[in-house]
Amino acid sequence: MLVSYDISENKPRRQMADLLLDLGLQPIQKSVYFGYLSRAEIQALAREGRKLLDADTDSLFWVRVDLPAVIDHQCLGHKPRLDGLKPDGYAIL
C-alpha cells in the first residue's frame, strides 16, 4: 500500500505520521509511506483519517501497489528502506 497525505496543521500532521508508523508503514518521503495493510488496518486508516483531516484543506490518499512494482522500483537521492517490508500474514489488497 502506498499512502500519502497533505495536512496543513502541525498537530494532526504529526498524528497522521504516528498512525501510519503504528500501522507498520515505512516512510519513503516526509508525507509518503509504504507497506502492507490488512483490510482491518485499511478501515482503521480511513476511520482515523476522517478524524484528523480538515475536509476543506487536507487530503489522505492510498493505493494498492503490486509486489512486482516494488521489486522493480527506482529511487534517486536518499534511499528509503524497503528491504524489510514483507507481507508476513497480511493480505495484499
- Restricting the stretch 16-29 to residues that are in a helix (DSSP H, G or I) and either buried (at least 16 other Cβ atoms within 10 Å of the Cβ) or aromatic (Phe, Trp, Tyr) (or both), the one nearest to the chain's Cα centre (by Cα) turns out to be 20
- Looking at the stretch 33-56, which of the residues that are surrounded by 11 or more Cβ atoms within 10 Å (Cβ to Cβ) and either under 15 Å from residue 8 (Cα atoms) or among the basic types (Lys, Arg) (or both) is farthest from the chain's Cα centre (by Cα)? 54
- Message: Scan the stretch 26-40 and tell me whether some residue there is at pLDDT below 95, aliphatic (A, V, I, L, M) and more than 16 Å from residue 1 (Cβ to Cβ).
- Response: no
- Taking the stretch 32-71 only, how many residues are part of a loop (DSSP other than H, G, I, E, B) and in contact (Cβ under 8 Å) with a residue 24 or more places away in the chain? 11
- Inspect all residues belonging to the stretch 13-31 and state whether any of them is in contact (Cβ under 8 Å) with a residue 40 or more places away in the chain and basic (Lys, Arg). no
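The values are calculated or read from the model by the stated rules, or taken from the named source; none is laboratory data. The structure presented is a predicted model; accordingly, all values stated were derived computationally and were not measured. Ideal geometry is used to build each Cβ from the backbone, glycine not excepted, and the neighbour counts take in all protein chains shown.
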